[in-house]
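Below: one structure, written as structure tokens.
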Amino acid sequence: MKLIHVVGARPNFAKIAPIMRAVYEYKTIEQVLVHTGQHYDENMSKCFFEELGIPEPDVNLGVGSGLHGEQTGEIMKRFEQFLMNDHGDIILVVGDVNSTIACGLVACKLHIPLAHVEAGLRSFDRRMPEEINRLLTDAISDYLFTPAEEANENLINEGIPEEKIYLVGDVMIDTLIWEMERLEDLDKPLFKDLNNKEYAVLTLHRPSNVDDPRVFKGIMKALNTIAEDIKIIFPAHPRTKKRMKEFQIYTDNDNFRITDPLSYRDFLRLYRNSRFVLTDSGSIQQETTYLNIPCLTIRGNTERPFTISKGTNILVGVDPEKIVRESKKILAGEEKKSVGFTLWDGKAAERIVKILYEGF
Ligand code: UD1
């Protein structure tokens, strides 16, 4: 059996690592790793491969950035060409980035079975590019590996046959558990002048938050207010940095520190030891719930509602007053606690590979 894995963008890397590791346990499964090149900066891609122990990709399609149509189309073109020479038995895609749907579509049109890891998550907000990627990838997948009960319900409601859906848990949490077991200086502050629990961590890169200057400036106003009470460390995505320059958004508050994007382990050390996290990312909502760290999500919706009902997550939207109010509550000691999830046991990837192997 030959499994072709696809990765493209930063959040994919931590998801593929445990799957590839689980495949090594099967002598008769051959695996090939394709990197579309959607993310290409050293600190958006290469450093994750090194830290997470992912092998060098067998091929890098070198697609790079572009408008959605341009990027998705280019990935499809190059991936199709690649498959002409190396036609695997199953194509495995993860998450919800443009590389996921692009390669999924190519696999489907070439009649190669498609496996989607992290299937069934829905924000019900079709203006998010990721929501479209999720919906379409799930509609054409043969194996849908879901991280939570709610995801199964979403897929059933969309008419996906039940026998294609497998509730396996979360591969992102597999990686978190694996890395925490191996990271020696987990409790050591990432920056010398930071004390654990005396700072907040911020990530912000969603187009809806950073591409509209009015929204972006409103969020920054709230963050500057919060920074009067607590330090904020902000590893900024390249898209966000570009927009800050373009909209002339800057801060001279010493408590507000902007850094380059961090590697997986550095970022884990940073947020694990923080007082709370402000984010518009998907995975961080889950990771903070797993670690019982308060999380304020700067979005109006989430594809991971279980982090709200059972975890530490609160949706604060983009209203500056609400962002400040909820931050102050956390600083005053008013915070949510996570109840824990049975399938977050570090074994989701093992379950996925077993199902693929036995079904082949
Ligand atoms: C992509 C994903 C998003 C994910 C995010 C994580 C899609 C639709 N979106 O968004 O779901 O949360 O990755 O990081 O796939 N850039 C660089 N260097 C890089 C990569 C990007 O400078 O290595 C800059 C470029 O200016 C580019 C912009 O970031 O135009 C956006 O990159 P792109 O891959 O289109 O989407 P992301 O915003 O990174």
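Okay, here's what the table says:
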{"quantity": "All positions within the stretch 29-46 that are more than 13 Å from Val6 (Cα to Cα), under 18 Å from the mean Cα position of the chain (by Cα) and open to solvent by less than 20 Å² (accessible area, probe 1.4 Å)", "calculated": "Met44, Ser45"}
{"quantity": "Test result for Glu150, touching a helix residue (DSSP H, G or I) at 6+ places or on another chain (Cβ under 8 Å), open to solvent by less than 10 Å² (accessible area, probe 1.4 Å) and either assigned to a helix (DSSP H, G or I) or over 22 Å from Phe306 (Cα atoms) (or both)", "calculated": "no"}
{"quantity": "Selection count where residues are among the small types (Gly, Ala, Ser) and within 12 Å of the ligand (Cβ to nearest atom), scope the stretch 30-61", "calculated": "2"}
{"quantity": "Residue that is least open to solvent (accessible area, probe 1.4 Å) [pool: residues in the stretch 303-349 that are of a type in the set (Lys, Arg) and part of a loop (DSSP other than H, G, I, E, B)]", "calculated": "Arg304"}
{"quantity": "Long-range neighbours under 7 Å by Cβ, at least six apart or interchain, first residue within 11 Å of the ligand (Cβ to nearest atom) within the stretch 191-219, second part of a strand (DSSP E or B)", "calculated": "Thr203/Pro235; Thr203/Thr279"}
{"quantity": "His68 vs. criteria open to solvent by less than 10 Å² (accessible area, probe 1.4 Å) and assigned by TED's automatic domain parsing to the domain that holds Glu350", "calculated": "no"}
{"quantity": "Positions within the stretch 89-100 being open to solvent by less than 10 Å² (accessible area, probe 1.4 Å) and either over 17 Å from Leu356 (Cα atoms) or among the charged types (D, E, K, R) (or both), in sequence order", "calculated": "Gly95, Ser99, Thr100"}
{"quantity": "Odd one out for Arg299 among (1) open to solvent by less than 10 Å² (accessible area, probe 1.4 Å); (2) within 16 Å of the ligand (Cβ to nearest atom)", "calculated": "(1)"}
{"quantity": "Any hit, the stretch 76-88, residues being within 16 Å of the ligand (Cβ to nearest atom), open to solvent by 20 Å² or more (accessible area, probe 1.4 Å) and closer than 22 Å to Ala119 by Cα", "calculated": "yes"}
{"quantity": "Failed criterion for Ile132 (all others in (1) within 16 Å of the ligand (Cβ to nearest atom); (2) under 30 Å from Ile226 (Cα atoms); (3) open to solvent by 50 Å² or more (accessible area, probe 1.4 Å) hold)", "calculated": "(2)"}
{"quantity": "Strands (runs of 3 or more DSSP E) within the stretch 181-273 that include 1 or more residues open to solvent by less than 40 Å² (accessible area, probe 1.4 Å) and under 25 Å from Pro129 (Cβ atoms)", "calculated": "199-203, 231-235"}
{"quantity": "Set Asn133, Asn152: member being over 18 Å from the mean Cα position of the chain (by Cα) and within 25 Å of Ser99 (Cα to Cα)", "calculated": "Asn152"}
{"quantity": "Gly169 surrounded by 15 or more Cβ atoms within 10 Å (Cβ to Cβ) and either more than 24 Å from Ala102 (Cα to Cα) or not hydroxyl-bearing (Ser, Thr, Tyr) (or both)", "calculated": "yes"}
{"quantity": "Any hit, the stretch 34-57, residues being assigned to a helix (DSSP H, G or I), under 25 Å from Leu356 (Cα atoms) and of a type in the set (Val, Ile, Thr)", "calculated": "no"}
{"quantity": "Out of Ile177, Ile156, sole residue that is farther than 15 Å from Val117 by Cα, open to solvent by 70 Å² or more (accessible area, probe 1.4 Å) and either without any contact (Cβ under 8 Å) to a residue 24 or more places away in the chain or away from the ligand (no atom under 16 Å from the Cβ) (or both)", "calculated": "Ile156"}
{"quantity": "Some residue of the stretch 234-254 being within 15 Å of the ligand (Cβ to nearest atom), farther than 21 Å from Lys217 by Cβ and of a type in the set (Val, Ile, Thr)", "calculated": "no"}
{"quantity": "Qualifying residue in the stretch 62-69 (condition: within 29 Å of Arg351 (Cα to Cα) and either in a helix (DSSP H, G or I) or within 16 Å of the ligand (Cβ to nearest atom) (or both))", "calculated": "no"}
{"quantity": "Arg122 being more than 12 Å from the ligand (Cβ to nearest atom) and touching a residue at least 12 places away in the same chain (Cβ under 8 Å)", "calculated": "yes"}
{"quantity": "Filtered residue count, the stretch 89-105, keeping only those that are within 16 Å of the ligand (Cβ to nearest atom) and under 28 Å from Thr28 (Cβ atoms)", "calculated": "7"}
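The values are calculated or read from the model by the stated rules, or taken from the named source; none is laboratory data. This structure is a prediction, so every number in the text was calculated from the model and none was measured. We place every Cβ from the backbone using ideal geometry, glycine too, and count neighbours over all the protein chains shown. Heavy atoms of the whole protein, side chains included, go into the accessibility calculation; ligands, DNA and RNA do not. Shrake-Rupley method; radii C 1.70, N 1.55, O 1.52, S 1.80 Å.
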